[in-house]
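These notes concern the structure reproduced below.
Each value in this text was obtained by applying a stated rule to the coordinates, not by laboratory testing. Everything numeric here is computed off the predicted structure, so don't read it as measured data. No Cβ is skipped: glycine too gets one built from the backbone with ideal geometry, and neighbour counts run over all protein chains shown.
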Amino acid sequence: QAGDLVSLTIISVSEGHEFLAWTEDCSGSGDTCQLIMDSTKTVAANFRAIPALEVPRAPPSVYATAGNTQATVTWNAPASTVGEPAITGYTVTANPGGQTVKVGGSTLTATLPSLTNGTSYTFTVMATNSIGDGPSSSPSNAVTPATIPGAPRNLIAAAGNTQATVSWSAPIQTGGSA
């Protein structure tokens, strides 16, 4: 009744929302409001929706560079929203073959070893956070690992009048190119 000290406490909040603050003539802190009641007092609490926690988006700008039996892949971190869990890791996958390399959440590059020289590869990257794995990125540019070829074999030179004729066989090791 009027003149009584009243204490109001938030007991539960709908899923997906959080308590922000009391409005009007409340004193106190946290989820408790104290006021002197009279016949015209109105008390309200402010709530806001909590953004749903989601898996990360697909990493953009995936780019690959070929090396000798390997490729180095780089990407950008995906955009995130306020309150979204931090990215804890990335998984890079080679196609063909399905070989994967995992790196930590602050790393934006990975090297995939043991690829076959002369084979064309693309790569996708997937980000992971505490909620789970996000979707894979669009495929990277195609790259073909290679190295320098071996020396030509069976070299034969025949001297002629003001000229020479040279013949050879292709090297056994092509370096990965045809």
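Rounded to the nearest 0.05, what FRET efficiency is calculated for Thr116 and Ala151 with R0 set to 22 Å and r the Cβ-Cβ distance?
Values: r = 22 Å, r/R0 = 1.00.
The pair Thr116/Ala151 has a calculated efficiency of 0.50.
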Tail weight of P(r) past 23 Å, computed on alpha-carbon pairs of the stretch 84-170, percent = 49 percent
State the extension gain, in nm to one decimal, for the chain segment bounded by Thr100 and Ala86, taking 0.36 nm per residue of separation less the distance between their alpha-carbons.
-> 2.9 nm
Using alpha carbon centers only, the stretch 55-105 is separated from the stretch 111-178 by a whole-angstrom value of 23 Å
Normalised by the number of residues in the stretch 62-178, what is the relative contact order in percent for Cα pairs under 8 Å and 6+ residues apart?
-> 27 percent
List the extent of the Cα atoms of the stretch 80-132 along each of their three principal axes, largest first, rounded to whole Å.
-> 45, 15, 14
